[in-house]
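Visitor: Okay, handing you the structure first.
Laboratory data are not the source of any read-out in this text; all were calculated from the coordinates shown. Because the structure is a prediction, the values reported are computed rather than measured. Cβ sites come from the backbone with ideal geometry, for glycine too, and all protein chains shown count toward neighbours.
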Amino acid sequence: MKHYLCLIVCCAVLFAQEKPKTLAEALGYDSDAKIVILNADDYGMCHAENLGTQKVLEAGIVSSTTMMMPCPWVLEAVEYIKKTI
């Protein structure tokens, strides 16, 4: 039992000394990098919104989108995402 306790304490000390990563580091950039994440909001709201969101996703202008699940065109958005993943 003593050996397990010692191992737990040693691991806790080692992990506690690790400097937490910044969001930039977690995304693969330098720790002091300034980054912008563009999000295409309201995906699924209407057909025109879906077309616009798909166009900027394909062009690499945005890197994320937020789907509006109760909206009438969400099934079209889901089908597109299923095809592209």
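Visitor: For T53, T65, T22, what's the fewest-to-most ordering of other Cβ within 10 Å of each Cβ?
Guide: Values: T53 23, T65 19, T22 14.
Starting with the residue having the fewest Cβ neighbours, the order is T22, T65, T53.
Visitor: Which cross-chain or sequence-distant (5 or more) residues have an amide H under 5 Å from the amide H of D41, H modelled 1.01 Å from N in plane?
Guide: Here T66 satisfy the definition.
Visitor: Give me the number: length gained by fully extending V74 to V36, i.e. 0.36 nm times residue separation minus the C-alpha to C-alpha distance, one decimal in nm.
Guide: Values: separation 38, 0.36 × 38 = 13.68 nm, distance 2.62 nm.
Working it through step by step, the gained length comes to 11.1 nm.
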